[in-house]
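Taking it in order: structure first as structure tokens, then the write-up.
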Amino acid sequence: MNIVITGGAGFIGSALALRLKSSHDVTVVDAFTDYYDISLKRKRADLLLDHGIQVKEGDVHLPWFKEWCKNQKFDALFHLAALPGVPKSLEDPHRYIQEDIGMTVTVLEAVREAGIPRFFFASSSSVYGEQSGPVREKDATGDVVSPYAAAKYGAESFCRSYQHLYGFDVTIFRFFTVYGPMGRPDMALDRFAKQALSGEPLSLFGDPVRDFTYIDDITQGMEQALEHGAVGTYNLGAGLPTRLSEIAERLAARYGLELVREEKRPGDVSLTWSDCSAAEAAFGYRPCVTINQGLKQVLSWHEQQIFA
Ligand SMILES: NC(=O)c1ccc[n+]([C@@H]2O[C@H](COP(=O)([O-])OP(=O)(O)OC[C@H]3O[C@@H](n4cnc5c(N)ncnc54)[C@H](O)[C@@H]3O)[C@@H](O)[C@H]2O)c1
């Protein structure tokens, strides 16, 4: 298949491109935005180029994208480009409307006009709001607690309305706290690994419990959904929540560091916990990387960066 990934120099997009490249023609598009260190995005893009993946630099929210898609004859589009992050969404909610809802509509329009038959969207566990236990896809009510989550919920609704109106296949993935090597520097595990290896105090906001999901499990799930022609909305999580303070305490003890406990940040939920039985039934999704195995990979990647 001829596949395009928006946000393909991002954490999840680049890992997905590397996974799909052995069976498909893959092109990634990325605007190299400055939400976090651009040099990390460049590093991922260089890795993709080394693997023969095409990397196109450009803003998919601009008119060129539609015209370009029309000429490329793509069989599937994965829309991962976004403005992520809960805390920033409280500072600048309008940007989240533009970039997480508006950009998704622009990309849906491009898919419609170019006649791309399959569209995959990266949504988030945040659409469930405050949880009290494992959640299934039908549980999302839009009772959300941050502008980021509201934007993802809104974008999901646009995706479904386009499927209804224009008949192309839409698959929505709700990711649960994805982590791994080359991860997003604003995410807790990545931040902890960097702080631990550079001997800095670890900072913990509140006492969140998270369904940390390793990047390889996520990209495997996405590939399985593509291969099985799965349509609909699916949780992609680990199904096994971990208290972040337990990880912080272990790292602080192991590296002899101070653990600074700060207030819970507004907009953060206390718990995320996926029930992934729908993804398992539809396309055989079975996450298998434990938090200990995954964390070792993250620490090892950060160590390599220090001594590179
Ligand atoms: N990482 C997680 O735990 C997680 C959890 C839930 C949902 N998600 C969603 O998954 C997707 C990917 O997340 P990620 O962690 O890889 O984030 P990321 O920030 O690493 O990747 C997003 C990429 O999109 C690019 N981008 C932004 N605006 C663009 C534009 N206008 N045109 C082209 N490219 C643009 C950025 O430069 C970036 O490289 C996002 O939609 C995110 O909201 C991620």
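The values are calculated or read from the model by the stated rules, or taken from the named source; none is laboratory data. This structure is a prediction, so every number in the text was calculated from the model and none was measured. FYI the Cβ positions are ideal-geometry reconstructions off the backbone, even for glycines, and counts take in every protein chain you see.
Return a yes/no flag: does region 96-103 have any residue that is at pLDDT 95 or above, in contact with a His (Cβ under 6 Å, 6 or more places away or on another chain) and within 26 Å of N235 (Cβ to Cβ).
Within region 96-103, one or more residues are at pLDDT 95 or above, in contact with a His (Cβ under 6 Å, 6 or more places away or on another chain) and within 26 Å of N235 (Cβ to Cβ).
Can you tell me which residue is surrounded by the fewest Cβ atoms within 10 Å (Cβ to Cβ) among those in region 108-130 that are part of a helix (DSSP H, G or I) and without any contact (Cβ under 8 Å) to a residue 60 or more places away in the chain?
E113
Considering only residues that are more than 12 Å from H61 (Cβ to Cβ) and in contact (Cβ under 8 Å) with a residue 60 or more places away in the chain, look in region 89-107 and name the one that is surrounded by the most Cβ atoms within 10 Å (Cβ to Cβ).
S89
Among what's in region 1-53 and is of a type in the set (D, E) and free of Cβ contacts under 8 Å to residues at least 12 places away in the same chain, pick the residue that is nearest to the ligand (Cβ to nearest atom).
D34
Only one residue in Q131, Q72 is away from the ligand (no atom under 12 Å from the Cβ) and at pLDDT below 95, so which one is that?
Q131
Residues of region 253-282 being part of a helix (DSSP H, G or I) and crowded, with 20+ Cβ neighbours inside 10 Å, which ones?
A279
Looking at (1) in contact (Cβ under 8 Å) with a residue 60 or more places away in the chain; (2) farther than 18 Å from S123 by Cβ, which one does N235 not meet, given that it meets all the others?
(2)
I need the full set of residues from region 85-107 which are touching a strand residue (DSSP E or B) at 6+ places or on another chain (Cβ under 7 Å) and either under 19 Å from N2 (Cα atoms) or part of a loop (DSSP other than H, G, I, E, B) (or both), in order please.
Scanning region 85-107 gives a single hit, V107.
From the list R174, R184, which residue is assigned to a strand (DSSP E or B) and charged (D, E, K, R)? Outline the logic, then answer.
On the way: R184 fails: assigned to a strand (DSSP E or B).
One residue alone meets the criteria, R174.
Go through (1) in contact with a Leu (Cβ under 6 Å, 6 or more places away or on another chain); (2) closer than 30 Å to E303 by Cβ; (3) of a type in the set (F, W, Y) and name the single condition F173 misses.
Result: F173 fails condition (2) only.
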